[in-house]
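The values are calculated or read from the model by the stated rules, or taken from the named source; none is laboratory data. Because the structure is a prediction, the values reported are computed rather than measured. Cβ atoms come from the backbone with ideal geometry, glycine included; neighbour counts cover every protein chain shown.
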Amino acid sequence: MGRILALDFGQKRTGVAITDELQIIASGLTTVATSELISFLKEYILKENVELFLVGEPKQMDYSASQSEAFIVPFLKKLEKKFPNIPIKRVDERFTSKMAFQTMIDSGLKKGKRKNKALVDEISATIILQSYLYSK
């Protein structure tokens, strides 16, 4: 069984989370500059067996597509072209950033560390992945 890799895609940086081989536990992996994301994924996939990409799908409260979807669609086409053997699923990512921030507060992180947007992105990717695992 391969790992599931989740992406909280952003214009500047993308949060990355990964499961264990048994697809039981979701863990934050890192945050990558979006301009370097495909290179990062190539290197990671050389070392680890990834069987599925999960990409957050930002939606408005009325379920219509968010403005950031315009940036995600070209990335998805590039991802599919570079990794044609790994399927891509989308996961509703509404509220993940707020949930990530609350997780940081609940875990006792100081105010300065909570301003770390890269950490928020990584935690958001982990929440996206965890919600997918719960839904299976």
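Structure values in brief
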| item | result |
| --- | --- |
| First in the range 47-59 and at pLDDT 90 or above, second anywhere and crowded, with 18+ Cβ neighbours inside 10 Å and of a type in the set (Ser, Thr, Tyr), Cβ under 7 Å, 6 or more apart | 54/132 |
| Residues within the range 80-116 that are out of contact with any helix residue (DSSP H, G or I) (no Cβ under 8 Å at 6 or more places or on another chain) and either modelled with pLDDT of 85 or more or closer than 25 Å to residue 42 by Cβ (or both), tallied | 6 |
| Residues of the range 3-33 that turn out to be within 13 Å of residue 132 (Cα to Cα) and assigned to a loop (DSSP other than H, G, I, E, B), as a count | 3 |
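Table: residues versus (1) more than 17 Å from residue 126 (Cβ to Cβ); (2) surrounded by fewer than 22 Cβ atoms within 10 Å (Cβ to Cβ); (3) free of Cβ contacts under 8 Å to residues at least 60 places away in the same chain.
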site: 2; (1), (2), (3): yes, yes, yes
site: 8; (1), (2), (3): no, no, no
site: 13; (1), (2), (3): no, yes, no
site: 16; (1), (2), (3): no, no, no
site: 23; (1), (2), (3): no, yes, no
site: 28; (1), (2), (3): no, yes, no
site: 31; (1), (2), (3): no, no, no
site: 35; (1), (2), (3): yes, yes, yes
site: 43; (1), (2), (3): yes, yes, yes
